[in-house]
1. Which ones in segment 483-528 are part of a strand (DSSP E or B) and either over 14 Å from Ala33 (Cα atoms) or among the hydroxyl-bearing types (Ser, Thr, Tyr) (or both)?
2. Which condition number in (1) modelled with pLDDT of 75 or more; (2) surrounded by 23 or more Cβ atoms within 10 Å (Cβ to Cβ) is the one that Arg424 fails?
3. All but one of (1) open to solvent by 100 Å² or more (accessible area, probe 1.4 Å); (2) at pLDDT 80 or above; (3) farther than 30 Å from Gln349 by Cα hold for Arg176; state the number of the condition that does not hold.
4. Looking at segment 153-164, which of the residues that are of a type in the set (A, V, I, L, M) and in contact (Cβ under 8 Å) with a residue 12 or more places away in the chain is surrounded by the fewest Cβ atoms within 10 Å (Cβ to Cβ)?
5. State all residues of segment 26-40 that are open to solvent by 10 Å² or more (accessible area, probe 1.4 Å), polar (S, T, N, Q) and in contact (Cβ under 8 Å) with a residue 24 or more places away in the chain; if no residue qualifies, say none.
6. Which of (1) among the hydrophobic types (A, V, I, L, M, F, W, C); (2) open to solvent by 30 Å² or more (accessible area, probe 1.4 Å); (3) more than 46 Å from the chain's Cα centre (by Cα) does Val541 not meet, given it meets every other one?
7. Would you mention how many residues in segment 298-336 are of a type outside the set (D, E, K, R), free of Cβ contacts under 8 Å to residues at least 12 places away in the same chain and more than 16 Å from Arg180 (Cβ to Cβ)?
8. In this structure, is Glu267 open to solvent by 80 Å² or more (accessible area, probe 1.4 Å) and either modelled with pLDDT of 75 or more or acidic (Asp, Glu) (or both)?
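The values are calculated or read from the model by the stated rules, or taken from the named source; none is laboratory data. Computed from a prediction, not measured in an experiment: that's the story for all the values here. Ideal geometry is used to build each Cβ from the backbone, glycine not excepted, and the neighbour counts take in all protein chains shown. The area values use the complete protein model at the heavy-atom level, side chains included, leaving out ligands, DNA and RNA. Shrake-Rupley method; radii C 1.70, N 1.55, O 1.52, S 1.80 Å.
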Amino acid sequence: MLLELEIRDLAIFSQARAEFGPGLSCLTGETGAGKSVFLSALRLLQGARAEADLVRRGSERALVQARFQLPQSDAELKAQLEEVGAQIEEGELLVSREIQANGRSRIRIGGVSASLKDLVAISRRLFDLHGQHAQQRLLSVTDHAALLSELARKGALALETRQAVNEWKRLREEVRTLTRVAQDAERNREFLEFQLHELAQAHLAPGQEEDFERRIKVLSQAGQISQWLEQSRTTLADGGALERQMGILAKAIAKIAQADESQAPLEDRLREVRSQLTEIAISLDSYDIPDSADPEEVDRLNGKLARIQKLKLRHRTDLAGLVALRDRLESELRLATDSAGEIALRQRQADAALERARTLGQELSGHQRLAAASLDTDISARLQELGMEGAAFRTRLEELSEPGPEGLLKAVFELSPNPGEGWRELTEVASGGEASRIMLAIESRLSAVDPVPLLVFDEVDAGLSGTVAHQVGRSLRELAADRQVVAITHLHQVAALADQHLSIAKTVLDGRTHSQVNNLSRAQRLDELCRMLGKPDDPAVRAHALSLLGDAP
């Protein structure tokens, strides 16, 4: 649910803040007051392109910021927010977008920087915008079959079908990859065998270079190391003298510790030194190297290093890359030799997965067809109530040659605006008001299964009046029973039914236009309804406005 929307330095808005509550919120205002800018602010939060000319003249940047109360049951939204690292305070999420005068845009979701892709993915789980130029989620053809599954209350079956399809596609890709690798290996067998033989002859192992270099260094200085080793052993072997010195030191430190307790740790440290000297003596006793340098061994190790360096240059990789290349060549040549059986096994698994996906898809298709028939009847009837007389709605179902994410059917919503004019996909509906009313009809039907908690309607009442306008308002009220609805309206019949009424008004101060959004009190709401009725000072009009508010539930 949208709790608050703040706009700063966006077009004619210098600074505005609007608060929203549950149920139906209606936004009204005279033409040119800033309703289109208000919509632009919401579109920016949906991921619309950030145009530099939206920044108010004389300002360096514009800001749109919204505070949402998060739905408790949307696991997908929760996962997306965790992936972004968004901070959520008491179930509320802050989403902001800053547009700089140079056209750059900055996005923050839950206090952390986010990408435009993140904003689009998360905002579509928070609200949907229906109106002219909006990119409505329900106009996405890919969603329609999924919505039919939800309408049929077959979400679990749809998920099982989707998983089966994904498994089949995974196995199919494995077969293709194995076949391609086997064919490539067979074509290049001679070259691959040459490469593998060369790498195998090098007897490569991780860390080999460092080990060879250490051994060469030790062997090159073997004579000197032998002298140093003998000197160290002799010093440590003269245990009596060394031990006497250590004993004298121990007694002196003990007396110091008795006189000054702060120096007591020195005794422990001395015990550690004596223990370490013993360990050093043991290590030196077991350390064994030649008495003198071994030139032949040094040459052999240098030869191995040279071979590794040559292979690294040839294959343009490091030692770890050479080891990985050797292992891959072994695998590819083994596959070229034994590929038939492996590929046949994978193909049998893929065929079984396809059969399961088809079986589940056929079962799902039956439920989707029933849901589509019911939806077509309901939406066509509702369109008549919303002032689109003669309009008809249908779901065009197409059989897929192979299972897709939503089963074996592709579902496309279509509209016939008037008898005899043919059918058009909803994506081709041009009129903003017409599109909004269609979406209102669809959302009313889908409200029980559609997870989006906030719907925003623009121009839903375009060209309407009288009874039809009142019916549109009633439909919005019904839709707002279990979710939040915001409607930008020109009609008093709709505005009178709102749970919250907001008004956009503009003023001119010091030669600059300023727009504000105000949450109206009951008295202010009465004045606004009178303005919308066209005669704000007429007692009869005021009485009519009072009756409208009295009729509002």
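1. So in segment 483-528, the residues part of a strand (DSSP E or B) come out as 484-488, 500-509, 512-519.
Matches in segment 483-528: Gln484, Val485, Val486, Ala487, Gln500, His501, Ser503, Thr507, Leu509, Thr513, Ser515, Asn519.
2. Among (1) modelled with pLDDT of 75 or more; (2) surrounded by 23 or more Cβ atoms within 10 Å (Cβ to Cβ), the lone unmet condition for Arg424 is (2).
3. The failed condition is (3).
4. Let us first name the residues in segment 153-164 that are of a type in the set (A, V, I, L, M), namely 156-159, 164.
Going one step further and asking which of them are in contact (Cβ under 8 Å) with a residue 12 or more places away in the chain, we end up with 157-158, 164.
Values: Leu157: 17, Ala158: 23, Ala164: 21.
Looking at residues that are of a type in the set (A, V, I, L, M) and in contact (Cβ under 8 Å) with a residue 12 or more places away in the chain, I get Leu157.
5. Selection gives Ser40 alone.
6. Val541 satisfies all of (1) among the hydrophobic types (A, V, I, L, M, F, W, C); (2) open to solvent by 30 Å² or more (accessible area, probe 1.4 Å); (3) more than 46 Å from the chain's Cα centre (by Cα) except (2).
7. Residues of segment 298-336 of a type outside the set (D, E, K, R): 298, 301-303, 305-306, 308-309, 311, 313, 315, 317, 319-325, 329, 331, 333, 335-336.
Pick out the ones that are also free of Cβ contacts under 8 Å to residues at least 12 places away in the same chain and you get 303, 306, 309, 313, 315, 317, 321, 324, 331.
This time we only want the ones that are more than 16 Å from Arg180 (Cβ to Cβ), so: 303, 306, 309, 313, 315, 317, 321, 324.
Residues in segment 298-336 being of a type outside the set (D, E, K, R), free of Cβ contacts under 8 Å to residues at least 12 places away in the same chain and more than 16 Å from Arg180 (Cβ to Cβ): 8 in total.
8. Details: open to solvent by 80 Å² or more (accessible area, probe 1.4 Å): no; either modelled with pLDDT of 75 or more or acidic (Asp, Glu) (or both): yes.
Against the criterion (open to solvent by 80 Å² or more (accessible area, probe 1.4 Å) and either modelled with pLDDT of 75 or more or acidic (Asp, Glu) (or both)), Glu267 does not qualify.
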